[in-house]
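Notes to accompany the following structure.
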Amino acid sequence: MSRAVEEAGGKTSVNPWENPAAEPFIRIENLRKTFDGFPAVDGVSLDIYQGELFAILGGSGCGKSTLLRLLAGFENPTAGKVVIDGVDMAGRPPYERPTNMMFQSYAVFPHYTVADNVAYGLKKEGLGKAEVKDRVAELLELVQLQDFARRKPRQLSGGQQQRVALARALAKRPKVLLLDEPLAALDRNLRERTQFELMNIQDRLGITFIVVTHDQEEAMTLATRIAVMDAGRFVQVGTPTEIYEYPNSRFVADFFGAINLFEGRADASDPSRIICAETGVVIHADPLAGQTLPDVLFVAVRPEKIRLSREAPAGEGVTVMHGTVEDLAYYGNHSLYRVRTDQGKLVQVSSQNTHRSAELALEWNEPIHLSWPRDCSVVLTE
Amino acid sequence: MRRDGRSPTFLFSCLCFGFAFLYVPILVMIVYSFNDSRLVSVWTGFSLRWYGALWENEQIIDAALLSLRIAFVSATLATALGTLAALAITRMGRFRGRALFSGMLAAPLVMPEVITGLSLLMLFVSLEGAIGWPLGRGADTITIAHITFSMAYVAVVVQARLTAMDRALEEAAMDLGCRPMGVTFDIILPLIAPAMLSGWLLAFTLSLDDLVIASFVSGPESSTLPMVIYSKVRLGITPDVNALAAVIVAIVGIGVAVAGWLMARMARTAA
């Protein structure tokens, strides 16, 4: 599931965030930052562990960039504290922090060559000439820019400039690398390649990465854990799988890809039966343990979890609805259907096209059954 | 005829007329500087005698040297002060009185020169009465006066460059271990150097060109070149003024070419 487990080769080690004895590498405690009374970061607490690739995800204006700038030291917190590797960062300017940042605009110094850009932090550290030269060569090799050392940034493409920014940020071997929307300015092909390269580099160097992004796909593929942020607060913190499969709120469910939401209320005698308000159908779900259910709740079902069939499916705990195909779209690797239930609710279904010809050659306006097992229903109370 | 209904001939004549409007007066003046006649408007033959006369005219040579000295000193100091002012406005956050400061900095741009000159004269006179400095009026007072108004021009030019500059560059330098003072020298100054150079040139030209303010704050022993030319023209124009103008046009032409080349080179490295 997560890379930490894979690395351990299936041994007994658990993810550090699941191990209560593990010492967090970065501790963020009740961090607040207000601008003119408006809270950009509103009481955020978080533990990040050594070697994690942590993503902070949210829409624009949710406070994620401010949080990153608080970690880098460009902003001073209004309240709360940041502890990195046991050292309280309060009052420490950016040039005295063990963090380095890769800026969204890359911020490559235009008047320096590629090599001088990478060497900048090392020279400021007071390293000897020979040592600086060796390290720069090593870093340029890491980002595959050996042949560009003498070029000026304006002679480089956007992707190459980004590598310069990455090499420069890694040069001082920071304890934490902060990345602000690292892939936002790249085109699609380059994004995918850079994404894997980033993960590769992170694996090799073992530096803790904190990535800020608005792109849920980017966060899911890159990160060991994700914090979803909204209005200056964390809505949910968890592994990509946890957040995708077990969102804790409609906001998170909606943020991560397409999802079908059914409003309903739990059956008073059996909380695993939820009566859908819009369709009257009984939706089967695993009841939430130890939680009193509110009168109105929501059931979320991912489109790929729903099965389409011409015959009515049967079975214990299977939710069944009936409707007609209103729209279908063929995407090559998968198809997307929009089914209008008999009660008028629109449901999205996607199915993988694993065979050359779909077993179920559906037509527009064809009557069809929708079904999904109980463990695919996610009950949301907020 | 082209599709938009304007013939190439029409466009070309428009261009010619425009250029003629700008440059014919200057050309006429340069041509007449080689005139042999003592009368400015009667052509009698080619001669370089007025250039010789100019070279021997100590009043004009002295005035030209004084003007150049004042322009050089005031442009340099105005560039230093104007750059500091622009840095304060764009990089020091929202300090108290920032809006007032930036407004007052831009005021000399729109202030009529007569008022600037008169107010500076009154300031100098009362300062002399109060603390005994500046003693009388002369090159120093002209230099100070030129700094006060050309500083505003430098500040505007440099401020525009600083505003357009990506703040992340400075943050990146700090992030990599550079202290704020180092950021100024490593990042900001190299990147605003082209703007500072154009500010310096602007201040230099404004100072060399100024007649009104200099007339207010100059003393008996310090007449700048524009003042000398102006007084000569009032007494009746002599052809050596034409020669002087031709020399100035030549110097300005060379200066603009060099500055253009220098700025293009800096822009290429700083981009």
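The values are calculated or read from the model by the stated rules, or taken from the named source; none is laboratory data. Remember, it's a predicted structure, so these values are computed and weren't measured experimentally. In this analysis, Cβ positions are derived from the backbone assuming ideal geometry, glycine residues included, and neighbour counts consider all displayed protein chains.
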Scan the range B:126-141 for residues that are touching a residue at least 12 places away in the same chain (Cβ under 8 Å) and either over 22 Å from B:Ile70 (Cα atoms) or among the charged types (D, E, K, R) (or both) and report the count. 1
Please go through the range A:97-155 and give me each residue that is outside any helix (DSSP H, G or I), more than 10 Å from chain B (Cβ to nearest Cβ) and under 30 Å from A:Thr66 (Cβ atoms), ordered by number. A:Pro98, A:Val143
A:Gly159 within 12 Å of chain B (Cβ to nearest Cβ) and assigned to a helix (DSSP H, G or I): no
Does A:Gly232 satisfy the criteria of being surrounded by 20 or more Cβ atoms within 10 Å (Cβ to Cβ) and at positive phi? yes
Filter the helices (runs of 4 or more DSSP H) completely within the range B:30-121 down to those with at least 2 residues that are assigned by TED's automatic domain parsing to the domain that holds B:Thr141 and surrounded by 12 or more Cβ atoms within 10 Å (Cβ to Cβ). B:58-91, B:98-110
Regarding A:Arg135, is this residue more than 18 Å from A:Pro110 (Cα to Cα) and assigned by TED's automatic domain parsing to the domain that holds A:Phe25? no
For B:Ile213, indicate whether it is assigned to a helix (DSSP H, G or I), within 14 Å of another protein chain (Cβ to nearest Cβ) and buried (at least 20 other Cβ atoms within 10 Å of the Cβ). no
Top-ranked residue of the range A:167-194 - restricted to ones that are basic (Lys, Arg) and within 14 Å of chain B (Cβ to nearest Cβ), ranked as surrounded by the fewest Cβ atoms within 10 Å (Cβ to Cβ): A:Arg173
Condition (residue is at pLDDT below 90 and of a type in the set (Lys, Arg)) applied to the range A:205-225: is it met by at least one residue? no
With respect to A:Val164, is the statement that it is farther than 18 Å from A:Arg191 by Cβ, within 14 Å of another protein chain (Cβ to nearest Cβ) and aliphatic (A, V, I, L, M) true? no
Consider A:Arg188 carefully, then state whether it is among the basic types (Lys, Arg) and under 30 Å from A:Gly61 (Cβ atoms). yes
Condition met for B:Pro190 (more than 18 Å from B:Gly117 (Cα to Cα) and touching a His at 6+ places or on another chain (Cβ under 8 Å)): yes
For the structure I just gave you, tell me whether B:Ala168 is within 14 Å of another protein chain (Cβ to nearest Cβ), touching a residue at least 24 places away in the same chain (Cβ under 8 Å) and either crowded, with 16+ Cβ neighbours inside 10 Å or among the polar types (S, T, N, Q) (or both). no
Within the range B:129-138, is there a residue that is in a helix (DSSP H, G or I), touching a Phe, Trp or Tyr at 6+ places or on another chain (Cβ under 8 Å) and in the same structural domain as B:Pro226 (by TED's automatic domain parsing)? no
Identify the residue in the range B:192-210 that is more than 16 Å from B:Val256 (Cα to Cα) and of a type in the set (A, V, I, L, M) and, among all such residues, is surrounded by the fewest Cβ atoms within 10 Å (Cβ to Cβ). B:Ala193
Counting only residues in the range A:57-96 that are farther than 14 Å from A:Ile210 by Cα and of a type in the set (Ser, Thr, Tyr), the one nearest to the other protein chains (Cβ to nearest Cβ) is identified as A:Tyr95
Hey, among the residues in the range A:278-298 that are hydrophobic (A, V, I, L, M, F, W, C) and exposed (fewer than 15 other Cβ atoms within 10 Å of the Cβ), which one's nearest to A:Val339 (Cα to Cα)? A:Val296
Among the residues of the range A:312-341, the number that are part of a loop (DSSP other than H, G, I, E, B) and surrounded by 13 or more Cβ atoms within 10 Å (Cβ to Cβ) is 2
What strands (runs of 3 or more DSSP E) lie completely within the range A:247-286 and have 1 or more residues being within 17 Å of A:Pro373 (Cα to Cα) and either of a type in the set (Phe, Trp, Tyr) or outside the structural domain of A:Leu370 (by TED's automatic domain parsing) (or both)? A:260-266
Please verify whether the range A:26-43 includes one or more residues that are surrounded by 22 or more Cβ atoms within 10 Å (Cβ to Cβ), among the basic types (Lys, Arg), away from chain B (no Cβ under 14 Å) and outside any strand (DSSP E or B). no
From B:Phe185, B:Phe204, grab the single residue that is within 28 Å of B:Ala75 (Cα to Cα), under 27 Å from the mean Cα position of the chain (by Cα) and within 14 Å of chain A (Cβ to nearest Cβ). B:Phe185
Taking B:Leu176 and the conditions (1) away from every other protein chain (no Cβ under 14 Å); (2) of a type outside the set (Ser, Thr, Tyr); (3) over 20 Å from B:Ala106 (Cβ atoms), which numbered condition does it fall short on, given that it satisfies the others? (1)
